[in-house]
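Participant: Here's a structure for you.
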Amino acid sequence: MTEQVKTIAVVGASPFAWLLAGLLASDHSRAIVLLSPPPNPYALRALPSLSLAPVTRPQTWSMLLGHARPAVRRLSRIVPTIGERIDVRMFARSPEASTALSHMRHIADGFGYPADPVEKTPLGTSVGLRDVRMIDAGALHAAAPSWLTAANVAVLNSMDGLKIRRDGSARFGTTAIDQVILADDDAIVQWLDPDEIGTFARLETWTGVETAPQRHARYRAGFDLDTGAVFAQASDGVVRAAARNDDGKALTRIADCLTLDPAPRLAAQSGFTRLCSHDGAPVLGPTRRGKLFVVAGLGVLDLVLAPLVAGIISERASGVEVEWAAAHGADLRQPRREVAEFHPGRLAGGAP
């Protein structure tokens, strides 16, 4: 079967799923079916999309620094103003998180990445990282329907007719599908058995919030390495943040991560679930039993890594990229020691 007639079904409702479907069609000439409910403009998307995250592997830094700018340029062809340059703050309190933060600061130096000096206070240690790109996922989702139409992506809002086979292929009505891509957490939870998900990820309960517009802070985004909380402030001043809520302490974690004065007014709140890999690294590739291709654990790096993932799926990736994908395989036993990352939020159960 030639590449031109191979049909791929991308399953997912996230901006990443929509972007991946469009890139596979427009940049790699694949026949794509996107199985997704219509976009909801009122949905709260608490996790930001950034070009950098708390990662400790030099290989991951190299991959990000090599792909971030080309990815933002590619996304700018869909939405011209989609990327904004901001500064990001990473904060640590415990000795383990502080060690990881120091390690990341040294890696930034090694790559010549612009970073502020380490700051130590009675509350903890922090580092500011400059020249980080924040991607407007909402703008991408709004522009996606017309872009997908132009790329000849068939968008289907119902998955009732999808019949998945054990080899990872499927049939949708009379359409034969050669490969199914489960492109976000909700799709993976819906279509995979919990035991199979458990081989590569755990399901976490999270809370996301949105505030009333605030004056722009020095750092427009930030991570708390001890609790895993994350926030980002959009160009309109609205702050969106998220944290684990398995013990009901999400709002406390978010408040500690924000450290805004005066405290912002809460405008919206929503609960959601996240799949987090056991070793903290992204998960990519066919699962061990069902052979369905999954993409999980990208976190805030989802959109900036979408072109890389599209190239890997379409078998047009470079040798280094293929090696990176193989090392992050969903069928590998975790922890995958060569790629395992520091686990933000997993120290002492992630409690503040």
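The values are calculated or read from the model by the stated rules, or taken from the named source; none is laboratory data. These numbers come from a predicted model, not from an experiment. Heads up, the Cβs are rebuilt from the backbone with ideal geometry, glycines too, and the neighbour counts pull from every protein chain shown. The accessibility values were calculated without ligands, DNA or RNA, using every heavy atom of the protein model including side chains. Shrake-Rupley method; radii C 1.70, N 1.55, O 1.52, S 1.80 Å.
Participant: Contact order normalised by length for the stretch 2-85, with contacts defined as Cα pairs under 8 Å and 6 or more residues apart; what percent is it? It would help to have the intermediate numbers written out before the result.
Facilitator: Details: 58 pairs, mean separation 18.7, N = 84.
Relative contact order comes out at 22 percent.
Participant: Carbon-plus-sulfur fraction of the accessible area of the chain, 1.4 Å probe, in percent? Let's see the in-between values first.
Facilitator: Working: 8280 of 15560 Å².
Roughly 53 percent, rounded to a whole number.
Participant: How far, in degrees from 0 to 90, does helix 302-313 lean away from the longest principal axis of the Cα atoms of the chain, to the nearest 10?
Facilitator: Helix 302-313 sits at roughly 30 degrees to that axis.
Participant: Then there's this: Could you grab the relative contact order for the chain? Cα pairs under 8 Å, six or more apart, rounded to a whole percent. Before the final figure, lay out each step's value.
Facilitator: Values: 722 pairs, mean separation 83.5, N = 352.
So the answer I get is 24 percent.
Participant: In whole Å, how far is the Cα centre of the stretch 15-82 from that of the stretch 129-200?
Facilitator: If you average the Cα positions of each part, the centres end up 13 Å apart.
Participant: Here are several values of percent of Cα pairs over 32 Å apart: (1) 56; (2) 27; (3) 31. Which one was derived from the coordinates shown?
Facilitator: Given (1) 56; (2) 27; (3) 31, the structure-derived one carries the label (2).
Participant: I'd like to check one number: the per residue accessible area of the chain, probe 1.4 Å, reported in Å² as a whole number.
Facilitator: Working: 15560 Å² over 352 residues.
The answer is 44 Å² per residue.
Participant: Using Cα positions and a limit of under 19 Å, work out the lysines in reach of residue 163, with same-chain residues fewer than 8 apart set aside.
Facilitator: Leaving aside lysines fewer than 8 places away in the same chain, those within reach of residue 163 are 6, 291.
Participant: Contact order normalised by length for the stretch 182-265, with contacts defined as Cα pairs under 8 Å and 6 or more residues apart; what percent is it?
Facilitator: Values: 109 pairs, mean separation 23.4, N = 84.
Contact order relative to length: 28 percent.
Participant: For residue 249, go through the lysines and keep the ones whose alpha-carbon is under 28 Å away, minus same-chain ones fewer than eight residues off.
Facilitator: Qualifying lysines at Cα under 28 Å: 120.
Participant: Roughly how many debye, to the nearest 20, is the charge dipole of the chain about its Cα centre, given +1 on each Lys and Arg Cβ, -1 on each Asp and Glu Cβ, and no other charges? Spell out each step's value before the answer.
Facilitator: On the way: 37 positive and 36 negative charges, 56 e Å.
Here the chain has a charge dipole of around 260 debye.
Participant: On to the next question. In a Gaussian network model over the chain where Cα atoms closer than 10 Å are linked, find which of 282, 95, 48 has the largest mean-square fluctuation.
Facilitator: Checking each option, the largest mean-square fluctuation is seen for 95.
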